[in-house]
1. Among the residues of the stretch A:203-226, what is the count of those that are in contact (Cβ under 8 Å) with a residue 60 or more places away in the chain and either part of a strand (DSSP E or B) or closer than 28 Å to residue A:170 by Cβ (or both)?
2. Can you name the residue in the stretch A:156-174 that is out of contact with any strand residue (DSSP E or B) (no Cβ under 6 Å at 6 or more places or on another chain) and outside any strand (DSSP E or B) and is also farthest from residue A:72 (Cα to Cα) among such residues?
3. State whether the residues of the stretch A:142-161 include one that is at positive phi, within 11 Å of chain B (Cβ to nearest Cβ) and surrounded by 15 or more Cβ atoms within 10 Å (Cβ to Cβ).
4. In the stretch B:348-363, what count of residues is obtained for those that are buried (at least 16 other Cβ atoms within 10 Å of the Cβ) and in contact with a helix residue (DSSP H, G or I) (Cβ under 7 Å, 6 or more places away or on another chain)?
5. Would you confirm whether any residue within the stretch B:503-510 is at pLDDT below 90, in contact with a helix residue (DSSP H, G or I) (Cβ under 8 Å, 6 or more places away or on another chain) and at the interface with another protein chain (Cβ under 8 Å from one of its Cβ atoms)?
6. Does the stretch A:272-292 contain at least one residue that is more than 19 Å from residue A:165 (Cα to Cα), without any contact (Cβ under 8 Å) to a residue 12 or more places away in the chain and touching a strand residue (DSSP E or B) at 6+ places or on another chain (Cβ under 9 Å)?
7. Just checking, which of B:472, B:486, B:519 is assigned to a helix (DSSP H, G or I), away from chain A (no Cβ under 13 Å) and surrounded by fewer than 18 Cβ atoms within 10 Å (Cβ to Cβ)?
8. Which one is farthest from the other protein chains (Cβ to nearest Cβ) among residues in the stretch B:441-453 that are in contact with a helix residue (DSSP H, G or I) (Cβ under 7 Å, 6 or more places away or on another chain) and surrounded by fewer than 22 Cβ atoms within 10 Å (Cβ to Cβ)?
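The values are calculated or read from the model by the stated rules, or taken from the named source; none is laboratory data. Worth saying up front: this structure is predicted, and the values here are computed from it rather than measured. Backbone-built Cβ (ideal geometry, glycine too); neighbour counts: all protein chains shown.
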């Protein structure tokens, strides 16, 4: 109940109303200029926390998306490289098939051997592909080329140009070879496959005597080699090379047979050559298996890429939802805001006008 | 004849009284904008002579002797002043609290970009980059920079918070800081007000009630009591003569014309000294201690707990650890966060099986020699306890090629007790980023014991928690302060309605008194003429 109305109370309340209207008006003006309802935590402390948390999540999603991009690129690069090596292997297999059909001669085999050496070198180059400064097939051994070609030696222990092995020096399959990137909270996706898994390893070393430099020679005076490991396409390529090289040797032996060699010995040699072709023929199955392995690795990679694409899509959805959410909290409904702004402006003006007319009135004016 | 003279006297008293009325109106108008001024009113009464009346009409007329001014009353409110002052005390306390929390909240306004959260996220982002390029110099330097940004922003916020605390109550040991503190200012004005009140008490007891002077003193007293109420929750006893006795927590502070005890501030360190000297258990947790020095020189140490309301109570509460959110609790939380960050990452960095890079003959490879000295986070003041204020990056990692010392690689099957622990480790595996992955994993996985200090929740969640607490406190303190503002506002309005000066009212009174004055003057002239007539009659 109002006891008295006095100049002081009227003035106080008028000032109060004007200030309130001015505050509303300037608040709406600020919101309109920024386009946001919540400009600092003081506007709405609780919602501000939600915005803050959502923004953080959006940043993280951006990182995950970028990681998915990197993963996809590296996996694609890996997959394409495996395809290229598969092509080379196919060519080597074709060479083997042609060589094995028995119509080959020494000179065609020599041409085959030359091409095979080129194929081996090109396969090793491909297997040593680096992407973003990392050797992609070396596991976590990213700074050293994972494959090196091993060359033979002559009877004196000097290196020759004969390829005897393709050694894998990357992280072994049972080691910690995975390189991973985070694609969701605590979810890490592997981006690589080791050369050992995809292409195998063919580690062949010359055998030396105790002094470490003098080679151990076999009965025919040739250096001997020890096969530490041989598997995958690398093993098959070396096996093929060895088989062809052996065949050429037999042909050479045949050419060099002295006059008057007994027919039985000639037949035996011809038999051996025929066995050589059988060996080459026998390698085809192994080739097929090794190439299947590559296809298999590639297919599992393809599945990874599909999975990544799906993850990326769901991340993009999440981001969109979060943005919608933030926008719902923070953004201004312009239509509503502008009409509010006009009405607050009117209210401000009206309160000032009313105040000035009431304040200027006094009994003094009529005395 | 006597009647004619009495009419003359009556009109002359009326002239005097209405002159006084105009004075009161003038005083009211002059003070209509004075703070705490209560409208005053001249009370008039008829003047009667004590004569035997009887049934004689003439005698009855003789007894009326005109008008007299009885007293000057002061318009007062119909609610009790102490209730209003209690509301003022609460308002000042809540305002102080709201102000403190707002300052805090401003520091944690991540929408405006405070930087700590983005620094923490940036740190994880740099880890992510390092995971992708574990042996890259640029990724490693980038990571150290991100870690540096994180420690810098923690240092920065910690410093701002310390300053805030110092601004309130000083740092507990420096008398200079205490001198500059907000608490000191408030205590000084309190002492000042108390002295003014004692002086007023003296003047009040010397003046008579119902006088203009007395009313003005009462106005000043009420204003002063309101100011004192805003600072602290005193018990106020108002005596009949208008003088006031103030009591705080059972001790009389002002009584009569004397200030019986003054407030004094000392640092927490000084108080601690006193406690040790006197074998008292020191339970004080505030950096400043208020004490009471009595007139006779005796001292009541530590009366902090007597300030549970008002502005001073607000300042002390904001700087005393407790259940609520204040600078103190936030500093503590940030320190815990800093300690946890250091624990979590240092532990992973130096754990068994972790390997850093080493340049051997121009080629990088893995090594774990002296790994334990290459912690990531350490303190810049040599203390073992990591706080937000002292956390920094180990200089061994920032100097020269120290960036290589970040242990990115980790081998689970590393066995330090084996005869040749490195036999199974491929030292060329510079692309191994398992340790970085473990570090990234702490973004969401907080099961490690290093997270025990923050309740096994991720770092960013803990930080969000701090902000949430501050913001929730901001909401509730703002609401409480606004509500209290409304209460005080409505009491203010009520007071203004009941006691303030209205110009129209005064102008009406002015005209009223003026008219009466003119009329009395006319009566005086008329009587004079009558007397004149009478005198001429006799001639």
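1. Result for the stretch A:203-226: 4.
2. A:156
3. Applying the first criterion (at positive phi) to the stretch A:142-161 yields A:157.
Narrowing the set further to residues that are within 11 Å of chain B (Cβ to nearest Cβ) leaves none.
No, that holds for no residue.
4. 6
5. At the first step, the residues of the stretch B:503-510 found to be at pLDDT below 90 are B:503-505.
Filter once more, keeping what is in contact with a helix residue (DSSP H, G or I) (Cβ under 8 Å, 6 or more places away or on another chain): B:503-504.
Subset that is at the interface with another protein chain (Cβ under 8 Å from one of its Cβ atoms): B:503-504.
Yes, the stretch B:503-510 contains at least one residue that is at pLDDT below 90, in contact with a helix residue (DSSP H, G or I) (Cβ under 8 Å, 6 or more places away or on another chain) and at the interface with another protein chain (Cβ under 8 Å from one of its Cβ atoms).
6. no
7. Result: B:519 is the single residue among B:472, B:486, B:519 that is assigned to a helix (DSSP H, G or I), away from chain A (no Cβ under 13 Å) and surrounded by fewer than 18 Cβ atoms within 10 Å (Cβ to Cβ).
8. B:453
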